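Structure first, then comments.
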């Protein structure tokens, strides 16, 4: 633990873990005989919340939906999380670390989990592409500012 009496900035990973994992193959085994190239849809979501004073849980969730026509081949939802100790930072720096740095650290683990689950389910791995979390964060900030201007 850091000594809270000084104001030295603190940023440490406390733990990285797989928080949630789901695999569904609702149309197996019949759909496994299909020879058609599947459509893959990937959605990412970020979440962060304080756990206790100076500790934050940050998570990145990937939802991978693969369909052949209108039938689901498989659906994977994986949530990778980390607990980070972050102290003595100005609010704008804190938001940047939680919205950019922490997800960048978590994301490689999430990519590995999704790829591994696909392989274990009997499919070629789905490799999640690299994500520019800084661009995502800046877009969210701009959207928030625009909504604030409208209200």
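The values are calculated or read from the model by the stated rules, or taken from the named source; none is laboratory data. Every value quoted in this text rests on a predicted model; they were computed, and no experiment measured them. Reconstructed Cβ throughout: ideal geometry from the backbone, glycine too, with neighbour counts over all protein chains shown.
What to note about this one:
- Boolean, residue 62 is within 19 Å of the chain's Cα centre (by Cα) and exposed (fewer than 12 other Cβ atoms within 10 Å of the Cβ): no
- Looking only at residues of the range 22-52 that are closer than 16 Å to residue 118 by Cα and in contact (Cβ under 8 Å) with a residue 60 or more places away in the chain, we find that the one that is surrounded by the most Cβ atoms within 10 Å (Cβ to Cβ) is 25.
The rows are residues; the columns are (1) touching a residue at least 60 places away in the same chain (Cβ under 8 Å); (2) buried (at least 16 other Cβ atoms within 10 Å of the Cβ); (3) under 18 Å from the mean Cα position of the chain (by Cα).
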residue: 80; (1), (2), (3): yes, yes, yes
residue: 85; (1), (2), (3): yes, yes, no
residue: 88; (1), (2), (3): yes, no, no
residue: 92; (1), (2), (3): no, no, no
residue: 95; (1), (2), (3): no, no, yes
residue: 100; (1), (2), (3): no, yes, yes
residue: 110; (1), (2), (3): no, yes, yes
residue: 116; (1), (2), (3): no, no, yes
residue: 124; (1), (2), (3): no, no, no
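- In a residue-by-residue description of the range 22-31, the property of being within 17 Å of residue 128 (Cβ to Cβ) and part of a strand (DSSP E or B) applies to at least one position.
- Looking at the range 33-151, the helices (runs of 4 or more DSSP H) lying wholly inside it that each contain 1 or more residues that are at pLDDT below 90 and closer than 24 Å to residue 9 by Cβ sit at 91-96, 133-150.
- Set 37, 80, 134: member being touching a helix residue (DSSP H, G or I) at 6+ places or on another chain (Cβ under 8 Å) and within 30 Å of residue 26 (Cα to Cα): 80
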